[in-house]
Amino acid sequence: MAKKRENEAAMPRHIAIIMDGNGRWAKKRLLPRTAGHAAGAETFRRIALYCREIGVKYLTVYAFSTENWKRPQEEVSKIMGLMKDYLLESIRDMQKNHVRIEFFGDLTALSPELQDLAAEARKESEVFTDSQVNMCINYGSRDEMLRAARAWAKRCAETGEDPESLTEETFSSLLYSADVPDPDLIIRPGGELRISNFLLWQAAYAELYFTDVLWPDFDERELDRAVAAYQARNRRFGGI
Ligand code: IPE
Ligand code: IPE
Ligand code: MG
């Protein structure tokens, strides 16, 4: 297990994960892609619990991007169904797990049922402060930044605030991630070496970790490896 007590200071406070590789995992097993998503949902449950166990305060997971609507309707429905199962289950387990759930993304594109479940999960868990999971659904970083820019423009027009007075702090506060510190470590399983429109603003000084392990195969040991790699890095934030 990643060392919590001995090395508390070096534990990332916020880990973000691009949960990629479900389709290829299924293909390797001659299963439909949707079976890969089911396996990936299981991995998410395990890793979320593990992160809480080792003292990671924030976990942000990329579950569905603004670009993923391009996929076949059948695959999109299956993914939405898995989200529904997860939300139902987490609402049930909330009291036990004491994890706060937040959502990054435009949820208005989801079914009314999913939107209600998300609102309920958020409401039921808002009292918990020890650990937080941010689920990115219909999330795209460019979309998020455009919304923030529009909100700022609107605010200036309505209040007469000077557009030039915009600071990094204010801009951050207009993003879905307002109130959440920037990720320390971003993990991408699945072998691709790209960010795919994930947390572009927030990732400014994140440490990046890529692995070929496909998300459904990603386990506690893999997370320990990523954390160990993170702990061995020297973060300078532009300094020396
Ligand atoms: C990630 O796995 C899940 C989503 C993007 C919803 P993929 O479905 O992208 O899996 P690969 O990349 O095709 O293997
Ligand atoms: C990124 O994976 C999005 C999620 C994991 C939700 P993709 O599979 O959509 O990314 P690309 O298409 O390979 O860049
Ligand atoms: Mg993919």
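Take the alpha carbon atoms of the stretch 1-127, find their radius of gyration, then divide it by 2.2 N^0.38 Å using N residues; give the quotient. The partial results should precede the final answer.
Details: Rg = 15.8 Å, N = 127, 2.2 N^0.38 = 13.9 Å.
Taking the Cα Rg and dividing by 2.2 N^0.38 Å, one obtains 1.14.
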message: Principal axis extents for the stretch 146-240, Cα atoms only, whole Å, descending order, please.
response: 53, 35, 21
field: Under 5 Å, built H, 5+ apart or other chain: amide partners of LEU214
entry: GLY190
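Using the crude model of +1 on Lys and Arg Cβ and -1 on Asp and Glu Cβ, and no other charge, please compute the dipole size for the stretch 44-142 relative to its Cα centre, in debye to 20. Could you put the intermediate results ahead of the total?
Numbers: 14 positive and 15 negative charges, 56 e Å.
My answer is approximately 260 debye.
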- prompt: What order, most packed first, do the peptides 26-32, 198-204 have when packing is the mean number of other Cβ atoms within 10 Å of each residue?
  reply: 198-204, 26-32
- request: May I ask you to work out the translational diffusion coefficient for the stretch 43-101 at 20 °C, viscosity 1.002 mPa s, via Stokes-Einstein with Rh from the Kirkwood sum over Cα pairs, reported in whole µm²/s?
  value: 164 µm²/s
- prompt: Using only Cα atoms, what Kirkwood radius does the stretch 19-76 have, in angstroms?
  reply: 12.7 Å
message: Tell me the Rg and the Dmax, in Å, that the Cα atoms of the stretch 64-187 produce.
response: 16.6, 48
For the stretch 171-216, alpha-carbon Rg and Dmax in angstrom: 12.0, 35
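Computed over the Cα atoms of the chain, what is the ratio Rg over Rh, Rh following Kirkwood?
Working: Rg = 18.2 Å, Rh = 18.8 Å.
Ratio of gyration radius to Kirkwood radius: 0.97.
Just so you know, all these numbers are worked out from the coordinates, no wet-lab data involved. Nothing here was measured: the structure is a model prediction, and the numbers come from that model. Note that each Cβ is placed from the backbone with ideal geometry, even for glycine, and that neighbours are counted across all protein chains shown.
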